[in-house]
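Throughout, read-outs are computed from the coordinates displayed, never taken from laboratory work. What you are looking at is a predicted structure, and each value in this text was computed from that prediction instead of being measured. Glycine also receives a Cβ, built like all others from the backbone with ideal geometry; neighbour counts cover every protein chain displayed.
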Amino acid sequence: MRAMILAAGRGERMRPLTDTCPKPLLSAGGAPLIVHHLRRLAAAGIDQIVINHAHLGEMIETALGDGSAFGLHIRYSPEATALETAGGIRQALPRLGDAPFLVVNGDVFCDIDFGALIHRADALKADRAHLVLVPNPPHHPAGDFHLRGGRASLSDGERLTFSGIGLYHPDMFASLPSGQAAPLGPLLRQAITAGQVSAERFDGLWMDIGTPERLAELDARLRPNAPENA
């Protein structure tokens, strides 16, 4: 299986930190956010990685190189201007192949076992996506989607937040024009309405690193002497 890390966002709420550093390269626990993902992907045996970028993207390529330092093979999908989530995935499809693939937001931290998601890919022969949902954080109390019986719903079941981690069938994006910005939400809602999206709840450590305060909180959690690591 191949994986894509979304790393093209500007990170406006993280300014001024992101004025001179792309958000995925901001450090927590002694390593850039994106490196935490790379290490977990490598541990899961997912070694073919695509990373899209726009804002200060050359810094991401310089920092990560071809991925060999992590036991990975990294390919890049540069965007002149950020194409949003679905648009970025659509442009990267030639690098992702014809099989289902994993997508991870570059600005979240999650201690999920990516290897446990691999077996879900077989179900995408019928479904278009499999989403990882998490309990609603304080900054997003309304959540995004409902979960009932292993299926995502727009109206029925437990209301949860989309983690930014999911498996997708490439056909879900094939109809989008390449090189044009497109959000992911409408595609997901369409597929959910059609009954083509499975989902699961994850109760481990997950954080959306959207502000300097949350970055500092994650950094404190990941320090070796932090209570969570004792």
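General observations
- Of all residues making up the range 114-142, the number that are basic (Lys, Arg) and either under 17 Å from the mean Cα position of the chain (by Cα) or surrounded by 14 or more Cβ atoms within 10 Å (Cβ to Cβ) (or both): 2
- Tally of residues being aliphatic (A, V, I, L, M) and closer than 20 Å to ILE118 by Cα across the range 148-167: 3
- Selection status of VAL104, under 26 Å from PRO177 (Cβ atoms), touching a Leu at 6+ places or on another chain (Cβ under 9 Å), touching a residue at least 40 places away in the same chain (Cβ under 8 Å) and crowded, with 22+ Cβ neighbours inside 10 Å: yes
- Among the residues of the range 135-162, those that are of a type outside the set (Asp, Glu), part of a loop (DSSP other than H, G, I, E, B) and more than 21 Å from LEU124 (Cα to Cα) comprise PRO135, ASN136, PRO137, PRO138, HIS139, HIS140, PRO141, ALA142, GLY143, SER155, GLY157.
- Considering the range 178-214, and only residues there that are farther than 27 Å from GLU12 by Cβ and charged (D, E, K, R), the residue that is surrounded by the fewest Cβ atoms within 10 Å (Cβ to Cβ) turns out to be ASP203.
- Filter result for LEU160 (in contact with a helix residue (DSSP H, G or I) (Cβ under 7 Å, 6 or more places away or on another chain), under 25 Å from HIS146 (Cβ atoms) and either buried (at least 19 other Cβ atoms within 10 Å of the Cβ) or in contact (Cβ under 8 Å) with a residue 60 or more places away in the chain (or both)): no
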